[in-house]
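The block underneath contains the structure these notes are about, expressed in C-alpha cells.
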Amino acid sequence: MNMSKTSWKLSEAPEGADHIQLAKRYELFINGSWTAPKAGTYFKTINPATEETLAEVAQADKDDVDAAFKAAQAAQPKWQALSGAERGKYIYRIARMLQERSRAFAVVESMNGGKPIRESRDIDIPLAAAHFFYHAGWADKLEYAFPMRKPQPIGVVAQIIPWNFPLLMAAWKIAPALACGNTVVLKPAETTPLTALLLAEVIEAAQLPKGVVNIITGDGQTGALMTAHAIPQKLAFTGSTEVGRKIQEAAIKRNKRVTLELGGKAANIIFDDAPIEAAVEGIINGIYFNQGHVCCAGSRLFVQESVYDKVLLKLKRRMDSLYLGDPLDKNTDIGAINSKSQLETIDRYLKIGQEEGAEMYQTDCELPAKGFWCKPTLFTHVAQSNRIAQEEIFGPVLAIQTFRTIEEVIGQANNTPYGLSAGVWTDKGSKIFQLTSALKAGVVWANTYNKFDPTSPFGGYKESGFGREGGVHGLEAYLRFE
Ligand code: NAI
Ligand code: MG
C-alpha cells in the first residue's frame, strides 16, 4: 500500500513520509522468518485519526505461540554462548538501523497510534534507539555491573507491551533481555502492532541469529496463551493493573519470574514559590503529552492555595493555545485517542467527574469529523474521594486539588492505590528533598516532568507494579545469579 495515498496532503507530510511503504498484510516473525498464522486469521489495524485501515496483521493462536517459544528456546543456548561483545554488536546494529529509519518509524508510530509526529520524531523513536545503544554497551560488562555475583541469563522471556509507546516499550523490553543473553517472544498491543513489525524487519536486516527475537501479533487471548506457556521462565508486562494481576497469577502457577509496569495516578505538586510559568508548562506536558496515555502522567494536580487562581488562569490560557488535530502535522499538540474503546473509557470518566460534582473545563477546539478525539480537559472542585482523583483515566484529563501545607499535600499525594511517579515544583531544594523521600512513587521529577533516560531506572510501588526498567536495576530483571 502506498501510504502517500492514505492520510495526508503530501505538501504537509513530514519530510520523507512519501517514501514509506507498508505491506498490505503482515505475518508473524518466528525463527527469523515471516510465518503465516496456522489458523489463517488476520485482523485490521487502523489509523485512529482517520479510522482508515493501514494493514492487516496476523492473529497468533496456540500453535503459533508454541512455535515462537520453541524457536526462542532453541536459539537461547547459542545466544548465551556468544561473547558479550558479540551480542553487543548485534544490539548496536539494531540501534543504528533504527536511527537510519527513524523517519519512517516516527510516521508509522503516529499513524498507527495517533500521537503527534513531534513526539514520535523527537521522543519515542530517539529514545528507543538510545535504549538499544545503552544496553549494547552493557552486554560485555555484566560482570562489572554485578561484581562477584556471576550474572546468568534467565532463558526465554515472554514480553507483552501496551499501545501508548509501542516502539519504545518494545525497546525497553527487548534491549536488556538480549544484552543479558536471553531470547524473547514479544507481543505488541492489538491496536498498535506496526512499529514492532518494522522492528522485526530491522532485526531481520541486522541478521540476528534465528529465533533470538520472535515478534508475534494478536490480542489479549494471544497474550494469555503466552503467559500460560511452559517455556518462558520470565514474564515481562506493561499495561493495565487488571491484566497485570492475571499475569502475576500465571507466573505464580508455573513459578516464573515476573516484572510488571502498571498504571498510575501521579501527583504533580506546585508550591507558591515555584517558577509559575515553567510549572504551567510542566503541568501541560505532564497531562497532555501523548493525549494523557501515559502511565506516569501528572493526572492529579495539587496547587498551593495562595497561587491557585493565578495557576488556574495561566493553565486555562495555555490549554486554549493547544492545537488538536492531524497527528502528522508537526504543529499538532494533541493527537488522536488511541482507540474507540479508550475514548469510551475517557468519556465515561468525564461523565463520572461531573456527576461527582467536580467542575469541568474543556477548550473549545474543533474536533475532526472522523477518528477518536478528546478535548484537553480539566476538573476543579475535585474531592480526594472522587473517582476522577483515584482511578487512572489514561486520557487528556486533569483533576485539580489544592493544599495549604507540605504535610497535607504529602498525605493527599500518597492517598492512591498507585505509586509510579510524581512531580514537584518549588524554588526550595529542601522541599524537593523532603518530598522525594516522602512520596511513595518510583520516579519523582523536580521542576520538570516526563523526562526519560535509559540510564535511569523506571518502575512503581503498590498497584503500579514491581521491578525496574532501565539502568543497572533494569538489567537485574533479566538475570539470575549463581
Ligand atoms: P491491557 O492491559 O488490556 O493491554 C496491554 C497488553 O496486554 C496488550 O498487549 C494486550 O493484548 C495484552 N493483554 C490483554 N489481556 C491479556 C491477558 N489476559 N493476558 C496477557 N496479555 C493480555 O490494557 P487496555 O485494555 O488496552 O487498557 C486498559 C487500561 O489499562 C487503560 O485505560 C489504562 O488505564 C491502562 N493501561 C496502562 C498502561 C501503562 O503504560 N501502564 C498501558 C496501557 C493501558
Ligand atoms: Mg484490556
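The values are calculated or read from the model by the stated rules, or taken from the named source; none is laboratory data. The structure displayed is predicted, hence computed values, not measured ones. As a convention, Cβ positions derive from the backbone with ideal geometry for all residues, glycine included, and neighbour counts pool all protein chains shown.
Observations, loosely collected:
- The residue that is farthest from residue 107 (Cα to Cα), counting only those in the stretch 190-202 that are surrounded by fewer than 24 Cβ atoms within 10 Å (Cβ to Cβ) and within 16 Å of ligand 2 (Cβ to nearest atom), is 190.
- Within the stretch 25-83, considering residues that are over 13 Å from residue 211 (Cβ atoms) and among the basic types (Lys, Arg), the one nearest to the chain's Cα centre (by Cα): 44
- Contact map, the stretch 226-245: first residue under 23 Å from residue 479 (Cβ atoms) and touching a residue at least 12 places away in the same chain (Cβ under 8 Å), second residue near ligand 1 (Cβ under 10 Å from one of its atoms) and charged (D, E, K, R), Cβ cut-off under 7 Å, separation 6 or more or different chains; pairs are 226/187; 238/261.
- Residue match in the stretch 115-124 (condition: out of contact with any Ser or Thr (no Cβ under 8 Å at 6 or more places or on another chain), hydrophobic (A, V, I, L, M, F, W, C) and not in a strand (DSSP E or B)): yes
- A residue that is within 16 Å of ligand 2 (Cβ to nearest atom), modelled with pLDDT under 95 and either over 29 Å from residue 133 (Cα atoms) or aromatic (Phe, Trp, Tyr) (or both) occurs nowhere in the stretch 260-276.
Yes/no per residue for (1) surrounded by fewer than 21 Cβ atoms within 10 Å (Cβ to Cβ); (2) in contact (Cβ under 8 Å) with a residue 40 or more places away in the chain; (3) on the phi > 0 side of the Ramachandran plot:
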site	(1), (2), (3)
396	no, yes, no
399	no, yes, no
433	yes, no, no
438	yes, no, no
458	no, yes, no
461	yes, yes, no
474	no, yes, no
480	yes, yes, no
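- Single condition residue 287 does not satisfy, out of (1) within 16 Å of ligand 1 (Cβ to nearest atom); (2) within 20 Å of residue 389 (Cα to Cα); (3) touching a Phe, Trp or Tyr at 6+ places or on another chain (Cβ under 7 Å): (3)
- Of all residue pairs spaced 6 or more apart or on separate chains, those with beta-carbon atoms under 8 Å, a first member in the stretch 27-42 that is of a type in the set (Val, Ile, Thr) and a second member that is in a strand (DSSP E or B) and buried (at least 19 other Cβ atoms within 10 Å of the Cβ) are 30/214; 35/28; 35/29; 41/58.
- Per the listing 301, 312, 322, the residue uniquely modelled with pLDDT of 95 or more, outside any helix (DSSP H, G or I) and surrounded by fewer than 23 Cβ atoms within 10 Å (Cβ to Cβ) is 322.
- Among the residues of the stretch 203-240, those identified as within 12 Å of ligand 2 (Cβ to nearest atom) and surrounded by fewer than 19 Cβ atoms within 10 Å (Cβ to Cβ) are 219, 220, 221, 224, 240.
- Residues that are near ligand 1 (Cβ under 9 Å from one of its atoms) and of a type in the set (A, V, I, L, M), drawn from the stretch 242-259: 243, 247, 250
Residue by residue, here is whether (1) closer than 29 Å to residue 322 by Cβ; (2) basic (Lys, Arg); (3) without any contact (Cβ under 8 Å) to a residue 24 or more places away in the chain holds:
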position	(1), (2), (3)
92	no, no, no
119	yes, no, no
124	yes, no, no
127	yes, no, no
148	no, no, yes
163	yes, no, no
167	yes, no, no
171	yes, no, no
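- Those residues of the stretch 241-255 which are more than 16 Å from ligand 2 (Cβ to nearest atom) and surrounded by 16 or more Cβ atoms within 10 Å (Cβ to Cβ), in sequence order: 251
- Subset of the stretch 192-241 [touching a Phe, Trp or Tyr at 6+ places or on another chain (Cβ under 7 Å), over 30 Å from residue 96 (Cβ atoms) and away from ligand 1 (no atom under 14 Å from the Cβ)]: 231
- Of all residues in the stretch 294-312, one or more are over 19 Å from residue 425 (Cα atoms) and either of a type in the set (Val, Ile, Thr) or in contact (Cβ under 8 Å) with a residue 60 or more places away in the chain (or both).
- Residue 403 being touching a strand residue (DSSP E or B) at 6+ places or on another chain (Cβ under 6 Å), farther than 30 Å from residue 112 by Cβ and aromatic (Phe, Trp, Tyr): yes
- Residues satisfying the criterion are present in the stretch 464-475 (criterion: assigned to a loop (DSSP other than H, G, I, E, B), at pLDDT below 95 and among the basic types (Lys, Arg)).
- So residue 68, is it buried (at least 19 other Cβ atoms within 10 Å of the Cβ), in contact with a Phe, Trp or Tyr (Cβ under 6 Å, 6 or more places away or on another chain) and in contact (Cβ under 8 Å) with a residue 40 or more places away in the chain: no
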